[in-house]
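The values are calculated or read from the model by the stated rules, or taken from the named source; none is laboratory data. Not measured: the values here are computed from a predicted model. Backbone-built Cβ (ideal geometry, glycine too); neighbour counts: all protein chains shown.
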Amino acid sequence: MSVKRDLEFLYEIGCLRFLQRNWKQFLNPDFANITEHIFRVTWIALTLAKHEGTTDTAKVMKMALVHDITESRSGDLQYLSRQYSTRNEEKAIEDMLADTALAPDFISVWKEYEKRESLEAKIVKDADNLDVEFELKEQEVSGHELRKLWLPVRRHVAQNHLYTRSAKAMWKAIQESKPHDWHVNAPNRFAAGDWKK
C-alpha cells in the first residue's frame, strides 16, 4: 500500500468524468458520462436499500461507487458492441486498485457485486438498470425517441432482470413520471414565493 498508488487511483477516478457511456453512439444524445451514471446509481441504490429494509447501506454505497469504475480501463460496451468485444474487468479492478489503501475492501465488494448473490449486489444491479430508465425518460422529454424504440426491451428487463420488489415498483413508477416534476412542484416563486398572490 502506498500513497503514490492512492493518488494515481484517485486521478484515474477523476478521469471517469471524461468517459462517455458508449450508447451515446445511438443518435448522439447527451447521455450521462460514467461519473454521472455512478453518482445517480448510488442514490438509486440507497433509495432501494431503504425500501428493501437492508441495514448495510455502507456496503450498498461501496458497491454502487465501484460497480463501473473498471470502465476506465476496459471501456463501456453497449448492447451492440457486446456482441463483438470481450473485457477483462476482474484484471481491470485488480490493476486499478493494486497497492492502494482501498484495495482490500473494494476488490472484494466489486467481486460480490459481480456474483449478484447478496441482497446488496442485487439492489445495486437494479439501480444500474433503473438509471437507464431515468435517462431514457429524460431523453424523451428532450425530444429523443430512443425510449419508445427500446420500450419492449426495457419491459423485458423489468420483468426478467430486476431482482427486488422495490426496483420493479420503481420501474413502473418511472414509466408514468415526469422528469420536470421535481422543480415544477417544489416550493418555488410561483407556488410559494413572491409571485404567489
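Restrict the check to segment 173-186 and report whether at least one residue is among the hydrophobic types (A, V, I, L, M, F, W, C), outside any helix (DSSP H, G or I) and at pLDDT below 90.
yes
I'd like the full set of residues that are farther than 19 Å from Ile93 by Cβ, touching a residue at least 40 places away in the same chain (Cβ under 8 Å) and aromatic (Phe, Trp, Tyr), limited to segment 1-28.
Within segment 1-28, Trp23, Phe26 meet the criteria.
Matching residues to (1) without any contact (Cβ under 8 Å) to a residue 60 or more places away in the chain; (2) surrounded by 15 or more Cβ atoms within 10 Å (Cβ to Cβ):
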| position | (1), (2) |
| --- | --- |
| Leu80 | yes, no |
| Glu89 | yes, yes |
| Glu94 | yes, yes |
| Phe106 | yes, yes |
| Tyr113 | yes, yes |
| Glu117 | yes, no |
| Ala127 | no, yes |
| Val141 | yes, no |
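Limited to segment 32-58, what total is found for residues that are of a type outside the set (A, V, I, L, M) and surrounded by 22 or more Cβ atoms within 10 Å (Cβ to Cβ)?
1
Is at least one residue of segment 157-165 under 21 Å from Glu90 (Cα atoms), at pLDDT 90 or above, surrounded by 18 or more Cβ atoms within 10 Å (Cβ to Cβ) and of a type in the set (Phe, Trp, Tyr)?
No - not one qualifying residue is present in segment 157-165.
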